[in-house]
1. In whole Å, largest first, what are the principal axis extents of the Cα atoms in segment 490-547?
2. If you scale each eigenvalue of the Cα gyration tensor by 5 and take the root, what three semi-axes come out for the chain, rounded to whole angstrom and sorted largest first?
3. Counting each pair of different Cα atoms once, what's the Kirkwood radius of segment 397-547 in Å, rounded to one decimal?
4. For n ≥ 4 DSSP H runs only, could you compute -39500 (n - 2.57) per run for the chain, divide by its residues and tell me the 222 nm figure to the nearest 500?
5. For segment 226-328, what proportion of DSSP beta bridges, expressed in % and rounded to the nearest 5, is antiparallel?
6. What is the sum of charges around I291, taking Lys and Arg as +1, Asp and Glu as -1, for the other residues whose C-beta is under 12 Å from the C-beta of I291?
7. Antiparallel versus total DSSP beta bridges in the chain: what percent is that, nearest 5?
8. Using only the alpha carbons of segment 1-71, what is the convex hull's orientation-averaged projected area in square nanometres?
Amino acid sequence: MTNKDLAELIFPNIDKTIEDYEKMYPSRNGRVVTRIAPSPTGYMHIGGMYQSLVDYIIAKNNNGIFMLRIEDTDQKREVEEAVKLIHEALDTYGLHPDEFERDGKCTGNYGPYVQSERKEIYHTFIKHLIEIGRAYPCFCTKEELDELRVMQDHKKLRTGYYGKYAKCRNLSVEEMINNIKEGKPYVIRFKSMGDFEHKFKFHDEVKGDLELSENDEDFVIMKSGDLLPTYHFAHLVDDHLMRTTYVIRGEEWLSSAPKHVELFNTFGFELPKYVHTPLIIKKEGNSIRKISKRKDPEATMSYYSDLGYPKEAVVESLMTIINSNYEEWHTQNPDKSFEEFTYNPTKMSSGGAYYDLEKLNNLSKDIISKKKASVVCEESLEWAKKHSESLKEMIERDKDYYTSILNIEREQEKPRKDIVYYSMIEDLIWYMYDDKFKSKDKEYEWKNITDIDEIKNILNTYFNDYYDENDDKDTWFNKVKELCEKLGYASNIKDYKKEPEKYKGNVADISTVIRVSVTSKSNTPDLYEILKLLGTERIKERISLIK
Ligand code: GLU
């Protein structure tokens, strides 16, 4: 009995060879290939988006290929719709992969791009390892493995299935074959030749040259039951056959790099470049911690789409934590797209990427303030169609009116920056809609002048004797001043401050009364524009509501 017999018994239907696959997926002649390889867990983590951006940029910088590979070998974890969410997240932020698989259709010649569809390929590679004596079936039960771990813990030994603790590696081929024939369940383990005491040089594009201990674990490469490979093995086969040149992944994988290096070496395959991206961290009080899906809503990409951040804001905020020189570059090249930035792995913080919502919010406000009102109209309508029936209805009722509201204090040197994300808009402008203004349970935010008779006196005098919707802004303001003088208020603040006792109040108080009467708010965008948009008829109706 030989290893070949064992391999044949385990994989009787595998008749292709590694060479067959090498031919099917030929070398890409040095073309840069990156891939994002998410597991479909039902949401897109901000770390996944961060890595996708790095993948995307490296591909764009080098006229390379950006692939999306779905790593669904852990089928217990798979969530329905999860794959769709991954595609949607990439699409939303404009990171369109060059090669991917959607609804069973492959774009690209190196597919399938879904791991569960690549079983036969993995089995071919595993069969080869068994034939050359570098993989074997392990029959240890969960209880035996638990016992081993407890014993190792107890004796303060390094835990794991290695060296003399790797019981099944010493079974004879006959014993293995008999066990299989008896129907004993098994997994396939890699047979390591490494020495943990021995260090080797490993280059990480972010962390530089490292010294790592060799792998000596006989780790599982194929599970029992669904016979799917583990991540360690699947990524080797896929990244080799897909001709990936950069493996960009979270730094939590760095500790298993020795396993991957040993696998690549065993097959004699060229190692890809590794870019281990830092964890995304955030401040909490005085300490800094890893961003977590459980504690931080902003860890999940749906947070940004639910609130309606413009996609450029999210991308920009992630770019600033990808490379420390990005912000400077962006300031110098304000009109260039992030894709034109040259990514440099050594400018990636190796200690953790500090993500700050405050910063995102500032970026977002700035970006929205620079957009044309018509663009904000369309983008917020897109958002509302998915997230807010009420805003959608407001916009669709009269798009021009909505756009004019958005246009107040826009397209000027210092545009108004009050919108952080689109879900805020309704709260900022509802008072411009008569039905909402009438029905809303609102509080009039009167300030210094609160006496209703005085308020009515000011409003009646102003709207009957002074206000004319055709006035230009200067004339309009001069008339407000005239009104002040007529009613005993200071028409400028300086005069008022000099001799406050001489006046009932000042021009700011008068403006506030006018502002609050038509909006209920004491703080709004430009009052002149608001009055103009409302028009005299609607203003009068609003004033009649004040009791
Ligand atoms: N499926 C792995 C993950 O989601 C991918 C790691 C990699 O990119 O190689 O973490």
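1. Largest to smallest, the principal-axis extents are 38, 25, 17 Å.
2. With the √(5λ) rule applied to the chain, the semi-axes are 67, 22, 22 Å.
3. It is 16.4 Å.
4. About -13500 deg cm²/dmol.
5. Among the beta bridges of segment 226-328, antiparallel pairing accounts for roughly 45 percent.
6. Net charge in that neighbourhood comes out at +3.
7. Percentage antiparallel, nearest 5: 55.
8. So the mean shadow area of the Cα hull is 7.6 nm².
Coordinate-derived values only; no laboratory data. Since this is a predicted model, take the numbers as computed values, not measurements. With ideal geometry, Cβ positions are generated from the backbone for all residues, glycine too; neighbour counts draw on all protein chains shown.
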